[in-house]
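Enquirer: My structure is below; once you've seen it, I'll send some questions.
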Amino acid sequence: MTHPPATFLELSDLLAYVGQVIERGIPGAVWVRAELSSVTDQRHLYLDAVQSGEDGREVAKARAILWARERYALEGKFRRATGGGLAAGMSVLLMVTAGFHPQYGFSLTVLDIAPEFTLGDMALKLEGIRRTLESEGLLERNRSLPEPPDYTRVAVISPRQAAGLGDFRREADVLEAAGLVEFVYLPATFQGREAPRSLLNALGAALLAHAEQPLDALVVIRGGGATTDLAWLNDLELARAVARFPVPVISGIGHARDDTILDEVAGVRMDTPSRAAALIVSTVAAGAQEAYKDYLQIMLAGRAVLNRADAEASWALDRVTRTAGRLVERQSAEVDAAMRSILGLTPRRTLERGYALVRNRAGELVTRAAQVSGGELLSLEFQDGEVSVRTEEA
C-alpha cells in the first residue's frame with residue numbers, strides 16, 4: 001500500500017505564492033495595448049481585454065477592473081476626448097497593475113487610459129480602409145453615378161425609432177402623403193459589433209427592393225453620435241457594399257466634424273438626416289416647378305399656334321371666297337355665251353342660212369334618207385314658203 005506525499009501545499013498557499021511572484025515580476029504599473037471584448041457595468045466597470053493574432057484568433061485574454069473610485073474620472077476623460085464611453089470592440093491603451101487573488105484569480109486593475117490611442121487606432125483603421133478602396137477603384141464609384149433629376153422611390157436605412165429617423169420623416173412623410181415619392185424603410189443597427197452585419201443585411205434588402213422596382217436613391221441616416229460610436233461604421237465590407245450600390249447613396253449620419261468611410265464612398269454627403277430629406281424635397285419641388293414652367297410654355301405655344309391657324313384659316317377662306325367668286329363669274333360668262341350660241345340655232349335662224357326643213361305627208365320631220373321611199377310626197381319648207389315634191393320611183 002502506497003502512502004500520500006508527506007509534504008504538500010494548500011491551494012491558498014500556492015496561489016498566494018503565485019501572487020507574490022507576479023507582484024515581484026511586474027513591479028508598478030505598465031501601459032498595455034488590448035482590445036475590449038466585453039464591458040460590464042456593475043458600479044465597477046469589468047472589462048475583458050483580449051489580443052488577437054494576425055489570423056484573427058485570440059492569443060491572450062485577461063480580466064480588467066476599473067474600480068468605481070477611479071471610474072468616473074477616467075470615463076469622463078475618455079468621453080471628453082472621444083465623445084463616447086468604453087465599449088466592446090474598441091482598441092485601448094490602459095495603464096494597469098497586475099494582481100493575483102487566491103479566490104478570484106488573475107486580473108488587471110486599470111489606473112489610467114489613453115483616449116488618444118483609441119482615436120489614433122480608429123483613424124489608422126479608417127486610413128487603411130480608404131487606401132484599400134482606392135486601390136480597388138471603389139472610393140469614387142458611387143459618387144460617379146449621375147444624380148437623379150427627380151425622386152419617385154427611395155430606400156432608407158436607419159436605426160429603428162431613432163430621433164434622426166423622426167427628423168427625416170417630418171419632411172419625407174409630406175412627399176409620400178402627396179403621392180410624389182414612395183419611401184422603403186429598412187431598419188438596421190448602427191452601433192456595436194453587430195452594426196456592420198446588420199447594415200449589410202439592410203443593404204441586401206435594399207438591393208432586393210431595387211430589383212423589384214427601381215430605386216432612385218438609397219439614404220443611410222442616423223442621429224449624431226460619439227466618435228467611438230461612429231467608428232463601427234468604418235468597416236471594409238460595408239464600405240464596399242455601399243460603394244457598389246447601383247444607385248446614388250445619400251449619407252446623413254448626423255455629424256459634421258468626423259468622417260466615416262460611408263460618408264466618403266456615398267454619392268452625396270449631407271450632415272444630418274433632416275438635410276438629407278431636404279435634398280429630396282428641394283429636388284422634387286424643383287422638378288415640379290420646372291414642369292409647371294414647361295406647361296406654361298406649352299400653353300403659350302399652343303395658343304400662338306391656334307391664333308396663327310385662325311389667322312391663316314381666315315386668310316385662306318377669304319382667298320377661296322374671292323377665287324370662287326371669280327370662278328363663278330367666269331363660268332357664268334361662259335354659260336351666257338353658250339346660251340347665246342344655243343339660242344342662235346333656232347329653226348328660223350337655220351332656214352335663214354339657206355337650209356330647208358323636210359316633212360312627210362304626216363307633217364313629221366325627215367332627217368335621214370332611209371326614212372324616204374320612192375314616189376313619196378314630201379314638203380320642203382324654206383325661209384319664204386313651202387314646196388311639195390315627189391321622190392323618184394326606185
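Enquirer: So, in the range 36-72, exactly how many residues are modelled with pLDDT of 90 or more and acidic (Asp, Glu)?
Expert: Number of matching residues: 3.
Enquirer: A further question follows. Could you run through the range 12-59 and say how many residues are farther than 30 Å from Met122 by Cα and either part of a loop (DSSP other than H, G, I, E, B) or within 47 Å of the chain's Cα centre (by Cα) (or both)?
Expert: 1
Enquirer: Can you pull out every residue in the range 232-261 that is closer than 17 Å to Arg130 by Cα, in contact with an Asp or Glu (Cβ under 9 Å, 6 or more places away or on another chain) and aliphatic (A, V, I, L, M)?
Expert: Leu233, Ala239, Ala243, Ile261
Enquirer: Name every residue in the range 262-280 that is part of a helix (DSSP H, G or I) and closer than 20 Å to Ala162 by Cβ, in order of residue number.
Expert: Listed by number, the residues that qualify are Leu262, Asp263, Pro273, Ser274, Arg275, Ala276, Ala277, Ala278, Leu279, Ile280.
Enquirer: Given the conditions (1) assigned to a helix (DSSP H, G or I); (2) among the acidic types (Asp, Glu); (3) modelled with pLDDT of 75 or more, which single one is not true for Glu334?
Expert: Result: Glu334 fails condition (3) only.
Enquirer: Let me ask another. Out of Glu176, Glu171, report the one residue that is assigned to a helix (DSSP H, G or I), free of Cβ contacts under 8 Å to residues at least 60 places away in the same chain and acidic (Asp, Glu).
Expert: Glu176
Enquirer: Restricting the search to the range 113-124, which residues are more than 17 Å from Ala226 (Cα to Cα) and surrounded by 15 or more Cβ atoms within 10 Å (Cβ to Cβ)?
Expert: Within the range 113-124, just Ile113 meets the criteria.
Enquirer: Please count how many residues of the range 103-158 are of a type outside the set (Ser, Thr, Tyr), under 18 Å from Leu215 (Cα atoms) and in a strand (DSSP E or B).
Expert: Number satisfying all stated conditions: 5.
The values are calculated or read from the model by the stated rules, or taken from the named source; none is laboratory data. The shown structure was predicted, so the numbers you read here are calculated from the model rather than taken from an experiment. FYI the Cβ positions are ideal-geometry reconstructions off the backbone, even for glycines, and counts take in every protein chain you see.
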